[in-house]
Amino acid sequence: MTITLDFARSLYDDSDPIHDFDHVLRVLALARRIAQAESADLAVVETAVLLHDIHRLDEDQGAHTGEHADHALLAAEGARRILAQAEPPADPDFIEAVAHAIAAHRFRNAIEPATIEAKVVFDADKLDAIGAIGVARAYAYGGLHGQKLWGSVPADYRGEGPDHTPHHEYVYKLSRIPERLYTTTGRAIARQRDATMRAFFAQLAREIDGGA
């Protein structure tokens, strides 16, 4: 690995329980599993995962001030600087492979993962948003933003609004993650995790209505 866990940890602010370094470690474990199954370059994958969210806080702060900041693009540039300044400096092709995997890891910037390493990083990051850990993260986010525990989701729901709850997040976004993944291994893991979330919210709906 080009950089150490301790160095990577120093780049993160753990005030965000959704995107803290524990998130990075979970994504790292998933990425190693997928990379080995898909014959990806493990060094590129590991390095990209360790640096993929180093500018997440900048994006979150920008959202509060009205300034646009894409944490994936910022992290890709940060990774280029870090790896170029390493002793010895990383190979330029390695740096660009890592930077691309980081830049392509989010849904919203329309950068398609063009390498197997980028696809592995994308899938591993998205898998951490679903399953039992996905439920926990959705409710951690909901608690931070004053969301209710439950709400019915209308058929024409568009993903945001004052009544948004973790259930809305699952129906509108999280349930769609499995179909967006790139690797065979990632999609297999996603099916298992989605079943866990689906069962949880079905049980929660029964209990909301007074069921067992």
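What to note about this one:
- Verdict on His19 being crowded, with 18+ Cβ neighbours inside 10 Å, modelled with pLDDT under 95 and in contact with a Gly (Cβ under 9 Å, 6 or more places away or on another chain): no
- Within the stretch 142-166, being buried (at least 16 other Cβ atoms within 10 Å of the Cβ) and either assigned to a helix (DSSP H, G or I) or touching a residue at least 60 places away in the same chain (Cβ under 8 Å) (or both) holds for Gly142, Pro166.
- Within the stretch 100-117, the set of residues being within 9 Å of Ala48 (Cα to Cα) and in a loop (DSSP other than H, G, I, E, B) is empty.
- Residues within the stretch 1-16 that are surrounded by fewer than 16 Cβ atoms within 10 Å (Cβ to Cβ) and in contact with a Ser or Thr (Cβ under 7 Å, 6 or more places away or on another chain), tallied: 1
- Selection count where residues are part of a helix (DSSP H, G or I) and either without any contact (Cβ under 8 Å) to a residue 24 or more places away in the chain or among the aliphatic types (A, V, I, L, M) (or both), scope the stretch 167-186: 8
- Candidates in the stretch 109-154 are the residues that are within 12 Å of the chain's Cα centre (by Cα) and basic (Lys, Arg); of these, the one that is nearest to Arg180 (Cα to Cα) is Lys126.
- Of the residues Asp123, Asp194, the single one that is surrounded by 14 or more Cβ atoms within 10 Å (Cβ to Cβ), closer than 30 Å to Gly78 by Cα and outside the structural domain of Thr47 (by TED's automatic domain parsing) is Asp123.
- Residues within the stretch 89-99 that are assigned to a loop (DSSP other than H, G, I, E, B) and surrounded by fewer than 18 Cβ atoms within 10 Å (Cβ to Cβ), tallied: 2
- Exactly one residue among Ala212, Ala205 is surrounded by fewer than 13 Cβ atoms within 10 Å (Cβ to Cβ) and among the aliphatic types (A, V, I, L, M), and that residue is Ala212.
The values are calculated or read from the model by the stated rules, or taken from the named source; none is laboratory data. All values derive from a computational prediction rather than experimental measurement. Cβ coordinates were reconstructed from backbone atoms using ideal geometry, including for glycine residues, and neighbour counts include every protein chain displayed.
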